[in-house]
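Have a look at the structure below before the remarks.
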Amino acid sequence: MVNVAAGREQSTSNSQGINTLLDAEREASKIVQKAKQYRVQRLKDARSEAAKEIEELKAQKNAEYQDFVAQHSGQSDQSLGKVDQETDAKIEEIRAAANNKKQDAVDKMMKAITSVETKPHENFRV
């Protein structure tokens, strides 16, 4: 009987040890699961924070660009006006030169048309 009682005590002791190990494993599993959830949540938070910062930076850069365009558009309007004036002046200069040389051009064309030299072409062979 002593052996049977000792076997039961050992069996009970072993099952208590196994139960303790199983409880510890469950607890460790819960801790690991919580750590994974925490890590996933931190990644989500980091992504959303990064997206928020990106949007803020986009808005800031867009505002800077709009300011730049507003500041420099006046200069480009002035530059365009100046270029238009210079272009108009050049066109008038070219027209005046054309009017001055018009009669000379007509005279040269009339001379070339009316004074014809009859001679064979240089590539002509007899």
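The values are calculated or read from the model by the stated rules, or taken from the named source; none is laboratory data. This one's a predicted model, so the numbers in the text were calculated from it and none came from an experiment. For neighbour counting, all protein chains shown are included, and Cβ atoms are generated from backbone atoms with ideal geometry for every residue, glycine included. In case anyone asks, the SASA skips ligands and DNA or RNA and just uses the protein heavy atoms, side chains included. Shrake-Rupley method; radii C 1.70, N 1.55, O 1.52, S 1.80 Å.
Quick notes
- Identity of the residue in region 11-31, open to solvent by 90 Å² or more (accessible area, probe 1.4 Å) and of a type in the set (D, E, K, R), that ends up nearest to the chain's Cα centre (by Cα): K30
- Among the conditions (1) open to solvent by 100 Å² or more (accessible area, probe 1.4 Å); (2) more than 45 Å from the chain's Cα centre (by Cα), V106 misses just one, which is (1).
- Residues satisfying the stated conditions in region 109-121, i.e. open to solvent by 100 Å² or more (accessible area, probe 1.4 Å) and either among the β-branched types (V, I, T) or modelled with pLDDT of 85 or more (or both): M109, M110, K111, I113, T114, V116, T118
The rows are residues; the columns are (1) open to solvent by less than 80 Å² (accessible area, probe 1.4 Å); (2) assigned to a helix (DSSP H, G or I); (3) out of contact with any Lys or Arg (no Cβ under 6 Å at 6 or more places or on another chain).
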site	(1), (2), (3)
D67	no, yes, yes
H72	yes, yes, yes
K90	no, yes, yes
F124	no, no, yes
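- Output for region 32-65, where each listed residue is under 17 Å from the mean Cα position of the chain (by Cα) and open to solvent by 100 Å² or more (accessible area, probe 1.4 Å): E55, E56, K58, K61, Y65
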